[in-house]
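**Student:** Got a structure for you, written out below as structure tokens; questions coming shortly.
The values are calculated or read from the model by the stated rules, or taken from the named source; none is laboratory data. What you see is a predicted model; the values in this text were computed from it and never measured. Cβ coordinates were reconstructed from backbone atoms using ideal geometry, including for glycine residues, and neighbour counts include every protein chain displayed. Remember, those area values only see protein heavy atoms, side chains included, never the ligands or the DNA or RNA. Shrake-Rupley method; radii C 1.70, N 1.55, O 1.52, S 1.80 Å.
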Amino acid sequence: MRMRFFRVWRAAFNRLAGGWSGEASRLHTSRKLCLIAAFVLLSIILFRPHLMLPNRVYDWYFVLDITQSMNVTDYQVAGKSIGRLQMAKQSIRKTLSALPCGSRVALGMFTERNVVNVVEPVEVCAHFAALDQTVASMDWRMAWAADSFIAHGLYNALEQAPELGKQIRVMFFSDGQQAPPANPRYMPSYAGKPGDVQGYLVGMGKPVASKIPKLDEKNAVSGYWEQEEVQRFGNFGMAETLSVLAMEQGQHDRNAGHGPGNNLLDNAHLSALDEQNLQRLSDNTGLNYVRLEQAGQSSGWATGLGMTAWRWADTDLRPWLAVPTIICWLLYLLLSFAGSGWLRWLVRRWSAARWFDMGQAVRRLKISGKQHV
């Protein structure tokens, strides 16, 4: 059976190498049809055809932490140090390029306790330039307050998500640093159900603490935050609400600092990735906690299978038409050179080499069989 197959295969190649003698007119017609088909398909591609088709798309709400700790330069790209904020922006911009047409994107910024939705969901291809420019323009100077209560901001973003779309996902970029450090007794609780809103909590920065720079209006470093400055501003944190018994015992804190205590403010002028805080928030909300090492990582997270939203979308047909165009062109070339002498010689040499290899293999099998007997 195997030998019969190779005989048929060899006969087909010999006929091809011979230029299909006696069928010159049919060969000429086939070449012409292939050329016409390739020309027609190329002409259609030039008009950029689109059609509404069911497509796998993605809906994302990208939220960027723009507090001052995000200015810490603890990333290395091409031998240069860049800040966490710049790295997060590069990551979002790369993700925008990776999303297929029909996907929708919303943008938000976080500082203090709230997230401001600066761009409502728009189609990524039709509004790519505007989205890309908006992300590039996001800056720490847009912050309306210096505080950074991550839990409040994350919960606020998750509350906004259902209002932006039923299938919207959230990708929240933050280093997790609380500024000033809040009293653990008064951390807010998540009102929603964990997992109701899917997405990622993206940790920015390195676990090694670094100084937080002070930037001027031109984004040049003018100094670094000192411990005394942070402690002074940190006194206006969340105060403990004492019981009546505690107040009767003289534990009044009306005139005391409202911060969590100087022991937690000792290193508040330094900033590092607070994975413990972000992991706790991830567990509370059902978001996936991930750590950003390279800008391109977020593209894979955003286009993962679990984040897919199927719906009818405007689909570019050019990639679909490119395949039959290439096939028609290759057939035209094959039919054009089918009768050439050099192709006939090449096919025969290759066929002879194949048959020589097959003969060697058959002889080896026969010898092996005799030895076993």
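**Student:** Restricting attention to helices (runs of 4 or more DSSP H) lying wholly within segment 65-182, give those where 1 or more residues are within 18 Å of the chain's Cα centre (by Cα) and on the phi > 0 side of the Ramachandran plot.
**Tutor:** Because the criterion is at least 1 residues that are within 18 Å of the chain's Cα centre (by Cα) and on the phi > 0 side of the Ramachandran plot, no helices (runs of 4 or more DSSP H) in segment 65-182 meet it.
**Student:** Considering only segment 188-221, state which residues are closer than 17 Å to Glu275 by Cβ and either free of Cβ contacts under 8 Å to residues at least 60 places away in the same chain or open to solvent by 40 Å² or more (accessible area, probe 1.4 Å) (or both).
**Tutor:** Lys206, Pro207, Val208, Ala209 - these are the residues of segment 188-221 that are closer than 17 Å to Glu275 by Cβ and either free of Cβ contacts under 8 Å to residues at least 60 places away in the same chain or open to solvent by 40 Å² or more (accessible area, probe 1.4 Å) (or both).
**Student:** Here's a follow-up. Taking segment 258-283, which residues are open to solvent by 50 Å² or more (accessible area, probe 1.4 Å) and either modelled with pLDDT under 70 or within 13 Å of Ile150 (Cα to Cα) (or both)?
**Tutor:** His258, Asn262, Asn263, Leu264, Asp266, Asn267, Asp274, Glu275, Gln276, Gln279, Arg280
**Student:** Which members of segment 92-134 meet the condition of being under 26 Å from Arg311 (Cα atoms), polar (S, T, N, Q) and crowded, with 16+ Cβ neighbours inside 10 Å?
**Tutor:** Hits for segment 92-134 are Thr95, Ser103, Asn117.
**Student:** Now, a different point. So Arg141 clears everything in (1) of a type in the set (Lys, Arg); (2) closer than 16 Å to Lys89 by Cα; (3) surrounded by 16 or more Cβ atoms within 10 Å (Cβ to Cβ) except one condition, right? Which one?
**Tutor:** For Arg141, the exception is condition (3).
**Student:** Pull up segment 289-325, narrow it to residues that are more than 20 Å from the chain's Cα centre (by Cα) and part of a helix (DSSP H, G or I), then point me to the one that is surrounded by the most Cβ atoms within 10 Å (Cβ to Cβ).
**Tutor:** The qualifying residue surrounded by the most Cβ atoms within 10 Å (Cβ to Cβ) is Thr325.
To keep it simple, each residue is scored yes or no on (1) at pLDDT 85 or above; (2) buried (at least 18 other Cβ atoms within 10 Å of the Cβ); (3) in contact with a Leu (Cβ under 8 Å, 6 or more places away or on another chain).
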{"site": "Ala12", "(1), (2), (3)": "no, no, no"}
{"site": "Gly19", "(1), (2), (3)": "no, yes, yes"}
{"site": "Arg31", "(1), (2), (3)": "no, no, yes"}
{"site": "Leu35", "(1), (2), (3)": "yes, no, no"}
{"site": "Leu41", "(1), (2), (3)": "yes, yes, yes"}
{"site": "Pro49", "(1), (2), (3)": "yes, no, yes"}
{"site": "Tyr58", "(1), (2), (3)": "yes, yes, yes"}
{"site": "Met70", "(1), (2), (3)": "yes, yes, yes"}
{"site": "Gln76", "(1), (2), (3)": "yes, no, no"}
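**Student:** Restrict the check to segment 241-249 and report whether at least one residue is surrounded by fewer than 20 Cβ atoms within 10 Å (Cβ to Cβ), of a type in the set (Gly, Ala, Ser), farther than 30 Å from Asp74 by Cα and modelled with pLDDT under 65.
**Tutor:** Let us first name the residues in segment 241-249 that are surrounded by fewer than 20 Cβ atoms within 10 Å (Cβ to Cβ), namely 241-249.
Within this subset, residues satisfying the condition of being of a type in the set (Gly, Ala, Ser) are 243, 246.
Keeping just the survivors that are farther than 30 Å from Asp74 by Cα gives 243, 246.
Filter once more, keeping what is modelled with pLDDT under 65: 243, 246.
Yes, because at least one residue in segment 241-249 is surrounded by fewer than 20 Cβ atoms within 10 Å (Cβ to Cβ), of a type in the set (Gly, Ala, Ser), farther than 30 Å from Asp74 by Cα and modelled with pLDDT under 65.
**Student:** Within segment 276-292, is there a residue that is in contact (Cβ under 8 Å) with a residue 12 or more places away in the chain, touching a Lys or Arg at 6+ places or on another chain (Cβ under 6 Å) and closer than 25 Å to Gly83 by Cβ?
**Tutor:** The answer is no; no qualifying residue exists.
**Student:** Out of the residues in segment 152-176 meeting the condition of being open to solvent by less than 30 Å² (accessible area, probe 1.4 Å) and of a type in the set (D, E, K, R), tell me which one is nearest to Tyr200 (Cα to Cα).
**Tutor:** Taking the candidates together, the pick is Arg169.
**Student:** Sticking with this one: Pairs needed: first member in segment 100-120, closer than 16 Å to Leu154 by Cα; second member anywhere, buried (at least 16 other Cβ atoms within 10 Å of the Cβ) and aromatic (Phe, Trp, Tyr); C-beta distance under 6 Å; at least 6 residues apart or different chains.
**Tutor:** Close Cβ pairs (under 6 Å, with a partner that is buried (at least 16 other Cβ atoms within 10 Å of the Cβ) and aromatic (Phe, Trp, Tyr)) amount to Ala106/Tyr61; Leu107/Phe62; Arg113/Phe149.
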